[in-house]
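Trainee: Sending over a structure as structure tokens; questions will come in a sec.
Every number here is computed from the coordinates shown, using simple stated rules; none is lab data. These figures come from a predicted structure and were not determined experimentally. A quick note on method: Cβ atoms are made from the backbone with ideal geometry, for glycine too, and the neighbour counts reach across all protein chains shown.
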Amino acid sequence: MDLAAGMELRQLRYFVTLAEELHFGRAAEREHIVQSALSQQVQRLERELGVRLVERSTHHVALTAAGVVFLVEARQILAHADRAAAAARRAVGADAALRVGIIDSSYDSMPQILHQVQARYPGLVIHQVEASVPEQYRQLADGRLDVGIGRAALAPPQIASLLFRQDPLGVLVPPGHRFAGQDGVPVAVLAEEPLLLAEEAQAPEFNQFTVEMCRAAGFTPAVYGGTVESIRAAADLVAAGRCLYCVPSSCIAALPGTIWRPLTDPASSYPWSVLWRAADDSGHVRAVVSCAQAMSQRLGWLTDPAAATT
């Protein structure tokens, strides 16, 4: 698609943000402009194109059929512009940058991988962005992220993935809890405990994994009434004796004041994958993928579950 005369990249960005939020107020807040200015720019874009992209009403915002098609192209244009700007900066000697999506800073897989990448590219500037896996998919697709990490079961077609770790799942309990002295905790006994889930917008795929594990063991979990947006916040609730929380082994070193016990009968592991745009063949993205694969082989993350805790 050729850019129409007079069309500006900021108009494309405002439209993409509006398409993601489907709410003028939230879209304007994300772009740090007033709502009326965002609305005017989207209307101007529609006039330039000669088509209506958005249906508006007092309580409803939706994309038209033309808007849905245009959204795909607009994201690609913005991604190309970002890559062009990055290439220009590299050409004049500016430090290269890598934008990496992470779910929660308590998980240790991506920090270990990035440490190896940084050793390979000392001048590389790495930006870590906390985002849910669905949000990582969106930001990878439109070029705002270069690499992500998470469960790849629901990855869209344009996102490539490499499974590098099967992370043993366990349960966090407070000191003195009846499970604290056990070598392992059968999944079925979790039916007797209030189980905390993550904030749905933050970790929907992990919540789904936990609930499916419980149902496979013959019960629907008794979900604790509150939610949290970070694993550290979850650990605080567990330490206070309010609930239990299922987490993979890769974050337990960051959660003092709690005790982690592996789940058994059956043992379960959470699948971690590196995520990236399938069309992105840049050297730094390849470095992240190769470092993840090498670390996985060296630590036995896919072959020896016990090694995942080392």
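Trainee: If amide H atoms are built 1.01 Å from N in the plane of the peptide, which residues on other chains or at least 5 residues away come under 5 Å of the amide H of Thr264?
Mentor: Long-range HN contacts for Thr264: Val185, Val187.
Trainee: For the chain, what size does the Cα cloud have along each of its three principal axes, sorted from largest down, in whole Å?
Mentor: Extents along the principal axes, in whole Å: 70, 50, 29.
Trainee: Can you give me the C-alpha center-to-center distance between the stretch 5-38 and the stretch 161-203, rounded to a whole angstrom?
Mentor: 41 Å
Trainee: Quick query: amide H of Ala97 versus all other amide H atoms, modeled in the peptide plane; which residues come in under 5 Å with a sequence gap of 5 or more or a different chain?
Mentor: Here the answer is Val125, since their amide H atoms fall under 5 Å of that of Ala97.
Trainee: Counting other beta carbons within 10 Å of each residue's own, what order do Val147, Val68, Val133 fall into, fewest first?
Mentor: So the residues, fewest neighbours to most, are Val68, Val133, Val147.
Trainee: Under 10 Å, Cα contacts only: if you run a Gaussian network model on the chain, which one of Glu20, Glu200, Glu229 comes out with the highest mean-square fluctuation?
Mentor: Glu20
Trainee: Still on this structure, I have one more. Would you mind telling me the antiparallel percentage of the DSSP bridges in the chain, rounded to 5?
Mentor: In the chain, approximately 60 percent of DSSP beta bridges are antiparallel ones.
Trainee: Report for the stretch 155-310 the percent antiparallel among DSSP-assigned beta bridges with both residues inside it, nearest 5.
Mentor: 70 percent
Trainee: Bin width 10 Å, alpha-carbon pairs only: give the P(r) of the stretch 165-270 as whole percents, running from 0 to the bin holding the largest distance.
Mentor: The distribution over the stretch 165-270 is 16, 55, 29, 0, given as percents.
Trainee: Mean residue ellipticity at 222 nm from the helices of the chain, using -39,500 (n - 2.57) per DSSP H segment of n ≥ 4 over the full residue count, to the nearest 500 deg cm²/dmol?
Mentor: Counting only the DSSP helices, I get -12500 deg cm²/dmol.
Trainee: With θ taken as phi - 60° and the coefficients 6.51, -1.76 and 1.60, list the Karplus ³J(HN,Hα) couplings across the stretch 219-235 in order, rounded to whole Hz; mark glycine and proline as x.
Mentor: So the J values, rounded to whole Hz, are 8, 9, x, 7, 7, 4, x, x, 9, 9, 10, 8, 5, 4, 5, 5, 4.
Trainee: Okay, next question. Per-residue HN-Hα couplings for the stretch 35-43, Karplus 6.51 cos²θ - 1.76 cosθ + 1.60 at θ = phi - 60°, whole Hz, x for Gly and Pro?
Mentor: Once θ is set to phi - 60°, the couplings for the stretch 35-43 become 4, 5, 5, 5, 4, 5, 5, 5, 5 Hz.
Trainee: Enter the per residue convex hull volume of the stretch 72-170, computed from alpha-carbon coordinates, in Å³ rounded to the nearest integer.
Mentor: 109 Å³
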